[in-house]
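As structure tokens, the structure follows; a few thoughts come after it.
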Amino acid sequence: MKPFTNFESRLVPLPINNVDTDQIIPARFLKTTSKLGLDQQLFNDWRYDALGNPNPDFILNQPRGQGAQVLLAGDNFGCGSSREHAPWALTQFGFRAVISTSFADIFKQNSLKNSLLPIVVPPDVHAELFAAAPDATVKIDLAKQTLTTPSGRAVEFPVDSFSKHCLLNGVDELGYILQHEPDIAAFESRRVGSVDTR
């Protein structure tokens, strides 16, 4: 994982509530354990017609949906079944953050473990962003936990301290443990030395 850095990006608006993980990436694409290529199946059933041709009305198939790193989603994004493929597909497409008023807990945790920042904002900020999208840009500062809106308003967002540490340092849970390998080895050495072998 790469350390999560501050960035500025346009918004890709997806004004649909209750988008579940099967809509983010349908179950038929979950047979792979690789992240590569999942961006092609992101929102597959909305993005392509029955013959596999791109739907020109869907935002990701339009020029304004290209190159942006922030998905502006409707309420309750990522509900439904658990699958890491959902944040994998989003990050493979190039998204670094998703903004909503709420996220399903499992999707939120899977996202944080895969360098995708789920940002919860109040309804008024959510509405302001949809009114400004897709041409306006936002700034995201994870260290300060702030989202700066197109109007210049700095909005704080919640993120747990452990996930924040891992994102900023570019480590997953295993990487975090390995950072403490000398301390673990010293503890194990003391423990073995204190065992009575009689």
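The values are calculated or read from the model by the stated rules, or taken from the named source; none is laboratory data. Quick caveat, the model's predicted, so the values are computed rather than measured. A quick note on method: Cβ atoms are made from the backbone with ideal geometry, for glycine too, and the neighbour counts reach across all protein chains shown. Remember, those area values only see protein heavy atoms, side chains included, never the ligands or the DNA or RNA. Shrake-Rupley method; radii C 1.70, N 1.55, O 1.52, S 1.80 Å.
Taking the conditions (1) closer than 15 Å to Leu11 by Cβ; (2) in contact with a strand residue (DSSP E or B) (Cβ under 9 Å, 6 or more places away or on another chain); (3) assigned to a helix (DSSP H, G or I) in turn, Phe107 satisfies each one other than (1). Does Asp172 meet the test of being open to solvent by 20 Å² or more (accessible area, probe 1.4 Å), in contact with a helix residue (DSSP H, G or I) (Cβ under 9 Å, 6 or more places away or on another chain) and at pLDDT below 95? Yes, satisfied. Of all residues in segment 89-104, exactly one satisfies the criterion of being touching an Asp or Glu at 6+ places or on another chain (Cβ under 9 Å), closer than 15 Å to Gln23 by Cα and outside any helix (DSSP H, G or I), namely Ala104.
For segment 28-36, the count of residues that are free of Cβ contacts under 8 Å to residues at least 60 places away in the same chain, polar (S, T, N, Q) and within 23 Å of Thr101 (Cα to Cα) is zero.
For the structure I just gave you, tell me whether Ile99 is within 15 Å of Ala73 (Cα to Cα) and among the aliphatic types (A, V, I, L, M). When the stated conditions are applied, Ile99 passes them.
Taking (1) open to solvent by 30 Å² or more (accessible area, probe 1.4 Å); (2) part of a helix (DSSP H, G or I) in turn, Ala86 satisfies each apart from (1). Scanning segment 115-126 for residues that are surrounded by 17 or more Cβ atoms within 10 Å (Cβ to Cβ) and part of a loop (DSSP other than H, G, I, E, B) gives Ser115, Leu116, Val121.
When Ala143, Ala136, Ala97 are screened for being farther than 19 Å from Leu168 by Cβ and of a type in the set (A, V, I, L, M), only Ala136 passes.
Yes or no: Asn110 open to solvent by less than 30 Å² (accessible area, probe 1.4 Å), within 15 Å of the chain's Cα centre (by Cα) and closer than 17 Å to Pro158 by Cα? So Asn110 fits the description; yes. The sole residue among Leu167, Leu129, Leu147 that is under 17 Å from Asn6 (Cα atoms), in a helix (DSSP H, G or I), open to solvent by less than 30 Å² (accessible area, probe 1.4 Å) and among the aliphatic types (A, V, I, L, M) is Leu167.
Taken over segment 1-59, the residue count meeting the criterion of being closer than 29 Å to Leu147 by Cβ, open to solvent by less than 60 Å² (accessible area, probe 1.4 Å) and part of a loop (DSSP other than H, G, I, E, B) is 6.
Of note, Gly65 does not satisfy the criterion of being over 18 Å from Pro3 (Cα atoms) and either among the aliphatic types (A, V, I, L, M) or within 16 Å of the chain's Cα centre (by Cα) (or both). Among residues of segment 71-86 that are closer than 11 Å to Ile106 by Cα, those with a Cβ under 7 angstrom from a residue that is open to solvent by 50 Å² or more (accessible area, probe 1.4 Å) and among the acidic types (Asp, Glu), sequence gap 6+ or separate chain, pair up as Gly80/Asp22; Ser81/Asp22.
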